[in-house]
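See structure below.
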Amino acid sequence: MYERLIDEYVGKVTKDMGTGQREEVGRELKSHIYDSAEATAAKRGAGIDEAAVREVLARMLPPEKLAAMYPSRETFLTKSSVWKAVQALAGIAVAFLLLAGILSFVAPEAAEVPVGVILSIVMALAVAIIVLAVIFFTIYLYESRLKMTYEARLRRLVKSLEHPASPLVVGMAIALAAFGLIFVQCLWPIIPFPADFSTGRWVPLFSPAFDTFVPYYTLWLVAEIIVQILYLTLRNKWVPSLLETGLSLASVLLTFWVLQVFPFNPELSTPVQTSIKVLLALAILGTLVDAAKKLWQTARFFMYGDLKNSQAE
């Protein structure tokens with residue numbers, strides 16, 4: 001009777017896999033379930049039975065979640081390289097267009113880029129595409145060739161879920177937020193900055209107009225500290241992860257507002273001001289990418305958040 005339970009569970013996990021992968025994963029899972037059921041039954045001083053198997057299956061992930069932990073065995077030329085490389089190229093192109101759009105809106109003088117700089121950007125994109133292709137090919141080899149047991153996959157997933165909420169990561173994030181509070185409350189009026197790239201003259205970086213942003217950055221940093229504390233106190237980690245995603249988007253809006261108002265010292269030369277605008281535009285793009293990563297992290301917490309507890313049991 002219990003063999004049917006095992007076959008049904010394994011069948012649900014492997015239903016969308018290829019023949020070779022289905023057989024390999026099926027053997028691995030059956031071995032794990034039998035070993036775990038045997039150990040569970042031995043604790044009760046009995047042999048393996050249906051009750052022991054049901055107990056083991058109840059502790060395991062739902063079939064659809066477990067299936068997601070196994071990579072699909074695609075050929076490199078069909079999807080793993082070409083399609084992903086195209087996606088990467090499209091992503092880079094969109095990012096460049098967004099950057100150009102932001103610059104043309106807030107710094108029209110930076111839109112007229114010399115031909116040499118354009119060629120340099122094109123070369124940089126070409127190098128980036130090559131690097132991405134190498135990375136994706138390496139990932140393909142890793143996922144399609146490396147043999148990893150069910151327990152190893154589980155441990156790796158648990159470790160990835162623990163990382164954002166680890167005391168060390170939380171402590172570092174709180175320390176950075178605390179330094180940010182000190183900066184926006186006390187240090188911003190006295191931060192020096194080179195007025196230009198030639199004379200070596202230094203002036204205050206910000207103008208008094210930055211005072212308008214102080215309450216908003218203070219609120220944002222306090223919220224960041226609260227979210228980090230929630231990582232340590234809440235059982236459902238997807239809640240602070242979702243809040244952190246919202247804070248990333250709020251940071252994007254604040255930075256875009258800074259770009260529009262540009263509360264920097266008017267004594268800064270035009271090249272210096274343009275450089276600051278470029279850096280702020282890049283910061284917006286980087287924060288958008290970070291928000292997307294945090295949203296994906298939230299989804300993983302929501303889907304697999306009970307994994308650590310089931311492992312402990």
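Just a few scattered comments:
- Amide H to amide H distances under 5 Å link F193 with V203, L205, where only residues 5 or more positions off or on other chains count and H is placed in the peptide plane.
- Residues whose amide H comes within less than 5 Å of that of F264, counting only those at least five positions distant or on another chain, are S207 (H built at 1.01 Å from N in the peptide plane).
- Computed FRET value (nearest 0.05) for L232 with V289, which takes r as the C-beta separation and R₀ as 25 Å: 0.45
- Rough spin-label spacing in nm, given labels placed 7 Å along Cα→Cβ, for S166 and A42: 3.2 nm
- Looking at the stretch 1-54, the trypsin sites (Lys or Arg not before Pro) that sit in a DSSP loop and have at most 16 other Cβ atoms within 10 Å of their own Cβ are K15, R44.
- Förster radius 41 Å - calculated FRET efficiency between L176 and T19 (Cβ-Cβ, nearest 0.05): 0.25
- The stretch 227-276 and the stretch 31-59 have Cα centres lying 51 Å from one another.
- The gain in end-to-end length when the F197 to A58 segment is fully stretched comes to 43.5 nm, 0.36 nm per residue minus the alpha carbon separation.
- Cα pair distances exceeding 14 angstrom across the stretch 2-68, given as percent: 55 percent
No value in this document is a laboratory result; all are computed from the given coordinates. Everything quoted here is computed from the prediction, not taken from an experiment. When we count neighbours, we look across all protein chains shown, and the Cβ atoms used for this are built from the backbone with ideal geometry, even at glycine.
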